[in-house]
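Okay, structure first, notes after.
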């Protein structure tokens, strides 16, 4: 493709996407971050109450839905924390990814959006992307933490991915554990992500000592590794996967996805290197709930 043809294609795509600001439903931040789901549709499955199998995964919008569902089925999780979960986006087949995964895996589920994806709407349905929690146990206390510091106009004026909204953490309680599902900002400096994780730690501080997991996509740089682990340790959280180097995404040699646990020690786990499904790999850890 010539340089002119490439420029023309990008320009047309930009115009098409930005036109969505005028043609698509306009969601407020409250609409985008609203919680939906079926938190207690299913009775608890007969699993070992002493062990909780946790999987966290940035599924890159859920475009490879069937492969994601198959991979999660093979991993046999009790609780799942998902990031980049589309709802009614053209790119992922106009699916409600969280709901359909909940049905496919026979799990309860809740979800909340972080962004309205402009230019991805199908008909009258607004398109969003965000986080989801799935569980074999009933889910309670679902809430959204909207980070106080955001990347400003970074996404609203992005010609390839215009958005409304902002980064969030999705909190939910299940299997006797508070789960904080995070997706920290991918652009900007480490200081921005530090401020966002402090919002989560501040919310968690309202229940000091309670069994909790903070997991998801932290988007941290390599130089932020030691400060991140130290900050989590200061609040009683440890790496549930244990020590060691690992790659959790295809674009970074250092880990950017984490499961930090407090009050539910990790009893084994690691990165499951599943290729061709997402630009991140799922993390799986077994948590010792009997230690609570």
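Okay, residues lined up against (1) part of a helix (DSSP H, G or I); (2) in contact (Cβ under 8 Å) with a residue 60 or more places away in the chain; (3) farther than 19 Å from residue 26 by Cα; (4) touching a strand residue (DSSP E or B) at 6+ places or on another chain (Cβ under 7 Å):
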position	(1), (2), (3), (4)
60	no, yes, yes, yes
70	yes, no, yes, no
73	yes, no, yes, no
84	no, yes, yes, yes
98	yes, yes, yes, yes
101	yes, no, yes, yes
104	yes, no, yes, no
109	no, yes, yes, yes
113	no, yes, no, yes
> Out of curiosity, is residue 24 surrounded by 15 or more Cβ atoms within 10 Å (Cβ to Cβ), at pLDDT below 95 and within 30 Å of residue 164 (Cβ to Cβ)?
Replying inline: yes
> So which of 126, 70 is over 24 Å from residue 213 (Cβ atoms) and surrounded by fewer than 18 Cβ atoms within 10 Å (Cβ to Cβ)?
Replying inline: 70
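Somewhere in the range 121-128, is a residue part of a loop (DSSP other than H, G, I, E, B) and either free of Cβ contacts under 8 Å to residues at least 24 places away in the same chain or over 19 Å from residue 96 (Cα atoms) (or both)?
Checking the range 121-128: at least one residue is part of a loop (DSSP other than H, G, I, E, B) and either free of Cβ contacts under 8 Å to residues at least 24 places away in the same chain or over 19 Å from residue 96 (Cα atoms) (or both).
With respect to residue 246, is the statement that it is surrounded by fewer than 19 Cβ atoms within 10 Å (Cβ to Cβ) and over 22 Å from the mean Cα position of the chain (by Cα) true?
No: the conditions fail for residue 246.
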> For the range 243-292, how many residues meet the condition of being modelled with pLDDT under 95, in a loop (DSSP other than H, G, I, E, B), under 24 Å from residue 200 (Cα atoms) and touching a strand residue (DSSP E or B) at 6+ places or on another chain (Cβ under 6 Å)?
Replying inline: 2
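Condition check ((1) surrounded by fewer than 18 Cβ atoms within 10 Å (Cβ to Cβ); (2) in contact with a strand residue (DSSP E or B) (Cβ under 8 Å, 6 or more places away or on another chain); (3) outside any loop (DSSP other than H, G, I, E, B)) across all residues:
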position: 160; (1), (2), (3): yes, no, no
position: 180; (1), (2), (3): no, yes, yes
position: 187; (1), (2), (3): yes, no, no
position: 194; (1), (2), (3): yes, no, yes
position: 198; (1), (2), (3): yes, no, yes
position: 202; (1), (2), (3): yes, no, yes
position: 207; (1), (2), (3): yes, yes, no
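The values are calculated or read from the model by the stated rules, or taken from the named source; none is laboratory data. Note that the structure is a prediction, hence the values are computed from the model and not measured. Neighbour counts are summed over all protein chains in view; Cβ atoms, including those assigned to glycine, are modelled from backbone coordinates with ideal geometry.
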